[in-house]
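The values are calculated or read from the model by the stated rules, or taken from the named source; none is laboratory data. Being a predicted model, the structure only gives us computed values, none of them experimental. When we count neighbours, we look across all protein chains shown, and the Cβ atoms used for this are built from the backbone with ideal geometry, even at glycine. Areas reflect the complete protein model, heavy atoms only, side chains present, ligands, DNA and RNA absent. Shrake-Rupley method; radii C 1.70, N 1.55, O 1.52, S 1.80 Å.
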Amino acid sequence: MRILRHSFIISILYGIGIAEAVYLPRYGIEYFLGAIAVTVFSAGLWMRSHWDN
């Protein structure tokens, strides 16, 4: 069950990254890089606190 949960979480993060890569570059590189940075930072914090629970 843990492998399924981890795979699902990683798939969601990839989906968010792909959506940002497709839709945000038209607003400028600043928005694109900012959104990627916020996503990576928040996902890292969440994974650190919830990954093995």
What pairs come up if the first residue lies in region 15-32 and is farther than 19 Å from Ala43 by Cα, the second is hydrophobic (A, V, I, L, M, F, W, C), and their beta carbons are under 6 Å apart, counting only those six or more places apart or on different chains? Pro25/Phe32
So which residues in region 17-48 are aliphatic (A, V, I, L, M) and not in a helix (DSSP H, G or I), if there are any at all? Leu24
Subset of region 5-53, residues aromatic (Phe, Trp, Tyr) and within 11 Å of the chain's Cα centre (by Cα), comes to Tyr14, Phe41, Trp46
Which of the residues spanning region 1-47 are open to solvent by 70 Å² or more (accessible area, probe 1.4 Å) and either touching a Lys or Arg at 6+ places or on another chain (Cβ under 7 Å) or charged (D, E, K, R) (or both)? Arg2, Arg5, Arg26, Glu30
